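Let me begin by presenting the structure, written as structure tokens, before commenting on it.
Please treat every number below as a calculation from the coordinates, not as lab data. These numbers come from a predicted model, not from an experiment. Counting neighbours? That spans all protein chains shown, and the Cβs are built from the backbone with ideal geometry, glycine included.
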């Protein structure tokens, strides 16, 4: 709830500087690749601000304001049951509720041994996060987990953020997208999918459109 309130406050104050105005949810199709093959990016309100750019760069994006690790895990399990989980999954969660070692263990079981789980360290200027569980998992499972150290890069580039110290200005959107894409494409092998044609994806309205995610917890 805290970050949801902050998100709305930031948008009201500086909405014109954000790529997406509002604090809700967004599910966007990937540009240039089918669902089930393109990397899947699951995130909270930070990713919500970069959703359009990420989708244009080839990600399937599912972002919702105030999303926590348990909801992200539920989506992973659902997608695997439906056989639409790609080989690269980016989890950019933890801004509201910290991602624990137990959460990561459950996520690894959900994605299986042949996929790569990418963990994005969250950044909040006014209160540092405990990112040790993510770093520990990346060291312990180097072939299955890749750390995307957003918090380290963000700490040195405060100009990327709105006044709340968490959500992204346009320059932050560009940097966030570049960092996630570089990490995802470094592991992409194209072994999974395509599972569904884009026209068969529930809620799909094209890369320029908007669909509400139907698998919220």
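Can you bin the stretch 127-192 into rounded, prolate or oblate? Criterion: square roots of the alpha carbon gyration tensor eigenvalues sorted a ≥ b ≥ c, rounded for a/c under 1.5, prolate for a/b above b/c, oblate for the rest. If you can, show how the numbers build up before the last one.
Values: a/c = 3.32, a/b = 1.44, b/c = 2.31.
Because a/c hits 1.5 or more and a/b fails to exceed b/c, the stretch 127-192 counts as oblate.
Between rounded, prolate and oblate, where does the stretch 88-133 land on the alpha carbon gyration tensor, with a ≥ b ≥ c its root eigenvalues, rounded for a/c under 1.5, else prolate if a/b exceeds b/c?
Working: a/c = 3.10, a/b = 2.04, b/c = 1.51.
The shape class here is prolate.
Restricting to bridges with both residues inside the stretch 21-82, how much of the DSSP beta-bridge set is antiparallel, in percent to the nearest 5? Let's see the in-between values first.
Numbers: 4 of 8 bridges.
Rounded to the nearest five, the antiparallel share is 50 percent.
Suppose R0 equals 25 Å; then what is the FRET efficiency for residue 159 and residue 139 from their Cβ-Cβ distance, rounded to the nearest 0.05?
0.20
Rounded, prolate or oblate: pick one for the stretch 26-90, where a ≥ b ≥ c are the square roots of the eigenvalues of its C-alpha gyration tensor, a/c under 1.5 means rounded, and failing that, prolate if a/b is larger than b/c, else oblate. The partial results should precede the final answer.
On the way: a/c = 2.35, a/b = 1.01, b/c = 2.34.
Taking the square roots of the gyration eigenvalues as a ≥ b ≥ c, the stretch 26-90 is oblate.
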